[in-house]
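**Student:** Here you go, one structure.
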Amino acid sequence: MTDISRRGLLQTGGLAGAALLSGGLAGTGFARLAAAQQVVADDPLYAAARKEGALTLYWGSYEQQTMEAIRDAFKAKYPGIEVQLLRQASQTVYTRLRLELQNGVAECDSLGTTNLLHYTELKKIGALAAYDPPDAAMLPTAFKGLDKDAMYHVGAISLTSINYAPGKVAAPPTSWTALLEDQWKGKITTGSPAFSGDVASWVVAIRRKYGDDYLRRFGQQKPKVGQSNVDTVTDILAGERVVGSGAPFSYTLAQKAAGNPIDVSVPTDDAILNLGLTGIPVKAPHPNAARLFTNFLYSKEVSDILSKNFWPTLRTDVAWAEGRSLDQLKWYRNSGDDLAAEVAEGIAKWKELVR
Amino acid sequence: MGVISTSSREAAPRPAMARVPPVKTAVLGAVILLLVLLVVQPFGWVLFNSFHDDATGAWTLNNYARIVQSAELIEPLVNSLLLAAATAMIAVGIGVPLAWLVSRTDLPLRRTIRVLTLTAFVTPSFIGATGWILLAAPNSGWLNTAWRWLAGEGAGTPLNIYSMAGAIFVCGIYTVPYSFTMVSSALDEMAVELEDAATTLGCGVLRTMVSITIPLAAPAVIASFILSFIQGLTLFGVPAFLLTPTGIPVVTTKLAEFYQLFPPEIYLAAAYCMPLLLVTGALFWMRRRYLGRKQYVTISGKTRAGRQIRLGGWRWAALFLALLVPMVSVFLPYAALLLVSLTRAWGQGLSWENLSLHWYWWAIFGNSETHTAIVNSLVYSTLAATLCVALGTLVAYIVERRLMVGASLLGAVTTVPIVIPGIVLSVGFFAAYTRAPFNLYGTPLLLIAAFAATFLPIAYSHGGSILKGIGPELERAARSLGAGEARTFLSVTLPLMGGGLVSGWFLVFIPIIRELSVAVFLITPKTNVMTTLIYNAKDGGNYEAVCAMSVLLLLITLLLVAVARPLAGLTGARRTSRKTAEAAGVPS
């Protein structure tokens, strides 16, 4: 157990670590067992999950570090369940799950990816199991009950904004339209919608707001187009460009907190909000452990970890890092039934107008 | 002094006996079975997939029709061929002379250059690309900044790594190790009598090199050209980092897009690999046409004398040129990576306060996954490389000595996997081994099999080019003294292949340990490997960690090479023969 505690401390250094510390270092194995039995007595779901003894997570939402902290907090709260975490890019995780389904393999207990379409598709082929996590009651109202059949839920909230190098920019652009000003020509870095789901969401949203003319003028700004939108941070820190469009909000703030000269500017014409989703496959080998984990996502422990790592929290009663919150900023989320076609069209237009 | 074989290649022994010995049958059977399991079956799935529709799963030719009809799909193919051809030319153009310098001349620091070349080889291509972005990005690249500092602010940007030229340069310098290792081990194993004869007849050093040495090493040169070409076709990291920003699509970045789409177009991706197979097939066919009529036998047993060519005044100029490769492929990029890995937050730049070993500490102790991943990487790579070299050498022997009907088909089959980009092959392996009766999903065996199969072509080509240099006379002698095929192979051929096999092992081990994409759908939390973690850190934008882990991966691999060196004489393959020669009074 000490191993886990040390690890937790190193990674989150904060509340998760503290929770582990009290659970791991301070408590003896005996006391922990007693405590665990107490929780079991209170929670039949944990009892059933413990009987299963294992849990396999397939997650693409959140980066490795945050995901490991969540896993470790789960292990600390619910001893006796062996947790395996497969953390890969969302689309890779989804493709793998599809391959497993096609080949009759069932390994995944909990799927967490950043694309709603994964879940509507899985639901359509009857691959998802329904579960209503009680603690999801603390989610912001806008994200409650996403699926009327409770087959998928919010797993992560991701914001796309503008980022910039404070030392090199007198006044950062404050809106998406401001990025089209002459002063930013040759200064912008961005990701590619063909590689990054977040940038694809941004393209769909920007076309809805301003049409293809925006993309045309954006292309004339000669942005440097990387793959992931994480590349915007790299370009800004390296000094290759000074302003990032379609940039990751949480990750930029995490880099700022690490001491890097970078900051976010939340556009007045809306940060683009993309939801990460989570669901339990109908053939999950450890369905109770999966439910326990799904509900755990909406615990205070997890929201504390998220806040610590500059992610929007999944509870209204846990503030974001630096005292930010969802209602302080203007945001927009793509909705609609034909998103897949809109994404494909957006990528095609991007290739035509931007590069 | 060795004796040069003058018999023709056509006389290579065919199985003359009507009676087929049981050991030989068993070995042939095992080789064929392994090839079916490792290559035919996974590739069969890729081929099968290519004829299916992604949306409906029905049989279709539509994937191929789309490729032929769409300019958007043709353009990446053309770009890839350009990149591959240029990469191969750089790799051979630099690697072959470098191998000659190191194997044949009194160039100073020969051993160091061998080690440094291996170091470049250890570098995953996306790490090399990252290093070069730090160095030569148009605005921020340190080399460009240095230039502006020297020549004044208005001096512009001499280097732009985000270009086709930049990608060719980076692909090329990281592919040089292929041609260098293959050709230098061929030169190491080659007897020097013909070169001596040329010198005696008045040929200069250069003429001897060009008209005797390099042509005799032709099998290795051509094999390394083809492998380098395939490298250029199948590399993902370099074009993804360097060509995406300029909007130049290549096959591998296009494949990544197919997988990124929703729903992912996996079957179209499978079809998209087939043109690569055609091109590579054509290259192998040309190789056979060219090599088939000639003979390259120079080892016929007895002694090999080591003889060094004195470069005289050219020594230092040659050293400068030889060091240029490690300079651009190792020193410069790793200096950049090392600096970033030693900072707490690299955006702050270099200062005492910002210097820290934090990320190394994090990578070694702080990350729960790293331990397992390092152990897994080492164990899988060792086992897979051993299986790969054993099987590849056996197939090469069967093909070169024509031990069975259809041997060349066996060779062709062996060559297929490396041509298929990893991300597509990964799906083939998934389908091949996950179902009953194998049920290998989640086991180390799945990854070992996939790694061994992917790099089988390297072991096979390398084994083949060594075998071409070994005359069959000694084997015949053994046979006529009553030894069977198996005993002959084990007690005559194998020892003669010697050091070449060891370098072949590294030639496979190193690409396996740095391989990323073929494992993408095969790893599970318990069977994770180091490169996946590095890529995850890159995906999460944690560049300090990426750099620290890359430096660690490099150190671990170099340590292994250093440990293996005394055992194998890898970096001094000719040492023994040279010592013998010196002892015998042959001037060196």
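**Student:** I'd like to verify a number: residues in region A:232-252 that are within 7 Å of chain B (Cβ to nearest Cβ) and within 14 Å of A:Trp202 (Cβ to Cβ), how many?
**Tutor:** Residues in region A:232-252 being within 7 Å of chain B (Cβ to nearest Cβ) and within 14 Å of A:Trp202 (Cβ to Cβ): 0 in total.
**Student:** Quick check: anything in region A:160-180 charged (D, E, K, R) and either away from every other protein chain (no Cβ under 12 Å) or in contact with a Phe, Trp or Tyr (Cβ under 9 Å, 6 or more places away or on another chain) (or both)?
**Tutor:** Checked region A:160-180: no residue is charged (D, E, K, R) and either away from every other protein chain (no Cβ under 12 Å) or in contact with a Phe, Trp or Tyr (Cβ under 9 Å, 6 or more places away or on another chain) (or both).
**Student:** Filter region A:71-92 for residues that are more than 10 Å from chain B (Cβ to nearest Cβ) and within 19 Å of the chain's Cα centre (by Cα) and give the result.
**Tutor:** Listed by number, the residues that qualify are A:Ala73, A:Phe74.
**Student:** Here is a further query. Test each condition in (1) closer than 26 Å to B:Leu507 by Cα; (2) at pLDDT below 85; (3) out of contact with any strand residue (DSSP E or B) (no Cβ under 9 Å at 6 or more places or on another chain) for B:Asp196 and report the one that comes out false.
**Tutor:** All conditions pass for B:Asp196, except number (1).
Here's the yes/no breakdown for (1) under 18 Å from the mean Cα position of the chain (by Cα); (2) in contact (Cβ under 8 Å) with a residue 12 or more places away in the chain; (3) closer than 23 Å to B:Leu554 by Cα; (4) away from chain A (no Cβ under 14 Å):
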{"residue": "B:Ser480", "(1), (2), (3), (4)": "no, no, no, yes"}
{"residue": "B:Gly484", "(1), (2), (3), (4)": "no, yes, no, yes"}
{"residue": "B:Arg487", "(1), (2), (3), (4)": "no, no, no, yes"}
{"residue": "B:Leu490", "(1), (2), (3), (4)": "no, no, no, yes"}
{"residue": "B:Gly504", "(1), (2), (3), (4)": "yes, yes, yes, yes"}
{"residue": "B:Val508", "(1), (2), (3), (4)": "yes, yes, yes, yes"}
{"residue": "B:Thr532", "(1), (2), (3), (4)": "no, yes, yes, no"}
{"residue": "B:Ala537", "(1), (2), (3), (4)": "no, yes, yes, no"}
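**Student:** On the basis of being aromatic (Phe, Trp, Tyr), assigned to a helix (DSSP H, G or I) and in contact with a helix residue (DSSP H, G or I) (Cβ under 9 Å, 6 or more places away or on another chain), does A:Trp350 make the cut?
**Tutor:** So A:Trp350 passes the test.
**Student:** Follow-up question, since we're still on this one. Could you go through region A:94-117 and let me know if any residue there is under 19 Å from B:Thr524 (Cβ atoms), aromatic (Phe, Trp, Tyr), surrounded by 21 or more Cβ atoms within 10 Å (Cβ to Cβ) and facing chain B (nearest Cβ under 10 Å).
**Tutor:** Yes, region A:94-117 contains a residue that is under 19 Å from B:Thr524 (Cβ atoms), aromatic (Phe, Trp, Tyr), surrounded by 21 or more Cβ atoms within 10 Å (Cβ to Cβ) and facing chain B (nearest Cβ under 10 Å).
**Student:** Could you list, in sequence order, the residues of region B:123-154 that are small (Gly, Ala, Ser), surrounded by fewer than 24 Cβ atoms within 10 Å (Cβ to Cβ) and part of a loop (DSSP other than H, G, I, E, B)?
**Tutor:** B:Ser140, B:Gly152, listed by residue number.
**Student:** So is B:Glu400 of a type outside the set (Ser, Thr, Tyr) and touching a strand residue (DSSP E or B) at 6+ places or on another chain (Cβ under 9 Å) or not?
**Tutor:** Yes; evaluated as a whole, the condition is true for this residue.
**Student:** Also, quick follow-up: Could you check, for region A:159-167, whether at least one of its residues is surrounded by fewer than 21 Cβ atoms within 10 Å (Cβ to Cβ) and on the phi < 0 side of the Ramachandran plot?
**Tutor:** Yes, that holds for at least one residue.
**Student:** Among the numbered criteria (1) in contact with a helix residue (DSSP H, G or I) (Cβ under 8 Å, 6 or more places away or on another chain); (2) in contact (Cβ under 8 Å) with a residue 24 or more places away in the chain, which one does B:Glu75 miss?
**Tutor:** (1)
**Student:** Next up: Within region A:40-70, which residues are within 11 Å of another protein chain (Cβ to nearest Cβ), part of a helix (DSSP H, G or I) and modelled with pLDDT of 90 or more?
**Tutor:** A:Thr66, A:Met67, A:Glu68, A:Ala69
**Student:** Additional query: With the condition kept exactly as written, say whether any residue in region B:103-121 is under 28 Å from B:Leu47 (Cα atoms), in contact (Cβ under 8 Å) with a residue 40 or more places away in the chain and acidic (Asp, Glu).
**Tutor:** No, the conditions are met nowhere in region B:103-121.
**Student:** If you don't mind, another one. A:Ala171 fails exactly one of the following numbered conditions: (1) touching a residue at least 24 places away in the same chain (Cβ under 8 Å); (2) not assigned by TED's automatic domain parsing to the domain that holds A:Asn115. What is the number of that condition?
**Tutor:** All conditions are met except number (1).
**Student:** Kindly list, by first and then second residue, each pair from a residue in region B:144-159 that is without any contact (Cβ under 8 Å) to a residue 40 or more places away in the chain to a residue that is surrounded by 11 or more Cβ atoms within 10 Å (Cβ to Cβ) and aliphatic (A, V, I, L, M), limited to pairs with Cβ atoms under 7 Å and residues at least 6 apart or on different chains.
**Tutor:** B:Asn144/B:Ala136; B:Asn144/B:Leu159; B:Trp147/B:Ala155; B:Arg148/B:Ala155; B:Leu159/B:Ala136; B:Leu159/B:Leu143
**Student:** Of the numbered conditions (1) surrounded by fewer than 19 Cβ atoms within 10 Å (Cβ to Cβ); (2) more than 14 Å from chain A (Cβ to nearest Cβ), B:Val96 satisfies every one except a single condition; which is it?
**Tutor:** All conditions are met except number (1).
**Student:** For B:Cys273, all conditions in the list (1) at pLDDT 90 or above; (2) surrounded by fewer than 17 Cβ atoms within 10 Å (Cβ to Cβ) hold save one; what is the number of the exception?
**Tutor:** Against the list (1) at pLDDT 90 or above; (2) surrounded by fewer than 17 Cβ atoms within 10 Å (Cβ to Cβ), B:Cys273 comes up short only on (2).
**Student:** Give the residue, chosen from B:Ile226, B:Ile214, that is over 30 Å from B:Pro76 (Cα atoms) and of a type outside the set (S, T, N, Q).
**Tutor:** B:Ile214
**Student:** Okay, moving on. So, restricting to helices (runs of 4 or more DSSP H) that lie completely within region B:435-503, which ones have at least 3 residues that are among the hydrophobic types (A, V, I, L, M, F, W, C) and crowded, with 24+ Cβ neighbours inside 10 Å?
**Tutor:** Helices (runs of 4 or more DSSP H) meeting the threshold: B:444-467.
**Student:** Also, quick follow-up: Filter region B:322-358 for residues that are of a type outside the set (A, V, I, L, M), assigned to a helix (DSSP H, G or I) and within 11 Å of chain A (Cβ to nearest Cβ); which is surrounded by the fewest Cβ atoms within 10 Å (Cβ to Cβ)?
**Tutor:** The residue in question is B:Gln348.
**Student:** How many residues are under 15 Å from A:Ala348 (Cα atoms) and facing chain B (nearest Cβ under 10 Å) if we restrict to region A:192-224?
**Tutor:** Residues flagged as under 15 Å from A:Ala348 (Cα atoms) and facing chain B (nearest Cβ under 10 Å) within region A:192-224 amount to 7.
**Student:** I'm trying to understand the selection: among the residues of region B:224-271, which are over 16 Å from B:Leu83 (Cα atoms), in a loop (DSSP other than H, G, I, E, B) and at the interface with chain A (Cβ under 9 Å from one of its Cβ atoms)?
**Tutor:** B:Leu261, B:Phe262, B:Pro263, B:Pro264
The values are calculated or read from the model by the stated rules, or taken from the named source; none is laboratory data. Note that the structure is predicted; figures quoted are calculated from it, not measured. Glycine gets a Cβ as well: all are built from the backbone with ideal geometry, and neighbour counts include every protein chain shown.
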